[in-house]
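The structure appears below as structure tokens.
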Amino acid sequence: MSKTQLAHYICTIISVSEEELNYILSYFHPLKPVKNEILIPSGQVNQRMFFINKGCLRIFFIQPDGQEATRYLAFENKFATALSSFITKEPSLESIQALEHTEVLYISRTDFYHLLEHIPAWEKFYRSYLERAYVHNTQRLMSFVTMTAAERYKQLLEENPIIVQRLPNKVVASYLNLSQETLSRLKSKV
């Protein structure tokens, strides 16, 4: 599996020499999960960060009523991980699932932190990742508090239509924190 997409992505975030880039890339390993495969189940310590070459990863948890709640969806050229578990080394409350036949490159937590020690620019890369994750999660939380279901759906269509185009209604509804019936009604009005 080619590491060209990953190399390009890294170089849009940080400046590294070719030698440093090759060193970073050497720690990433290919994985091809099949549709609906769970890569990290809840209850397991998350030891991997994934870069999506092709496909889609979903990070989700199970609510007390047994319903799935999708926290994050990552498509091509994005990173995804159960970040709290990755940082704390505690069992993850979330699961990571491939929603399509997917091609990812992953790095282990140990190797990721090794790069933080040995490649100064990797700290900037990590800070950028953490900042984006924080902003994304804050915006999602605010949307649940300040927007109606219809407003959240319209915002999704404007900002990330690929979610509606490529994923089943069940997943889209769980991402928007709606019932499938409500989502169907909203779709029919748009």
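A few remarks follow.
- Residue list for the range 86-105, filter: under 18 Å from Val45 (Cα atoms) and surrounded by fewer than 20 Cβ atoms within 10 Å (Cβ to Cβ): Phe86, Ile87, Thr88, Lys89, Glu90, Pro91, Leu93
- Among the candidates Leu130, Leu83, residue that is closer than 24 Å to Gly43 by Cα and either polar (S, T, N, Q) or open to solvent by less than 40 Å² (accessible area, probe 1.4 Å) (or both): Leu83
- Members of the range 167-190 found to be open to solvent by 50 Å² or more (accessible area, probe 1.4 Å) and in contact with an Asp or Glu (Cβ under 9 Å, 6 or more places away or on another chain), listed by number: Lys170
- Being over 18 Å from the mean Cα position of the chain (by Cα), assigned to a loop (DSSP other than H, G, I, E, B) and surrounded by 12 or more Cβ atoms within 10 Å (Cβ to Cβ) is a condition met by no residue of the range 156-166.
- Residues being closer than 24 Å to Gln63 by Cα and not in a helix (DSSP H, G or I) - total across the range 167-190: 5
- Close Cβ contacts (under 9 Å, 6 or more residues apart or on different chains) running from residues in the range 164-190 that are at positive phi to residues that are modelled with pLDDT of 95 or more and buried (at least 20 other Cβ atoms within 10 Å of the Cβ) comprise Asn177/Thr70.
- Across the range 39-67, the number of residues qualifying as among the β-branched types (Val, Ile, Thr) and open to solvent by less than 30 Å² (accessible area, probe 1.4 Å) comes to 3.
- Elements of the type strands (runs of 3 or more DSSP E) sitting completely within the range 8-61 and holding at least 1 residues that are of a type in the set (Lys, Arg): these cover 48-54.
- The residue that is farthest from Phe112 (Cα to Cα), among those in the range 1-38 that are of a type outside the set (A, V, I, L, M) and open to solvent by less than 50 Å² (accessible area, probe 1.4 Å), is Pro33.
The values are calculated or read from the model by the stated rules, or taken from the named source; none is laboratory data. As the structure is a prediction and not an experimental result, all values here were calculated from the model. Every residue, glycine among them, receives a Cβ derived from its backbone with ideal geometry; neighbour counts consider all protein chains shown. The area values use the complete protein model at the heavy-atom level, side chains included, leaving out ligands, DNA and RNA. Shrake-Rupley method; radii C 1.70, N 1.55, O 1.52, S 1.80 Å.
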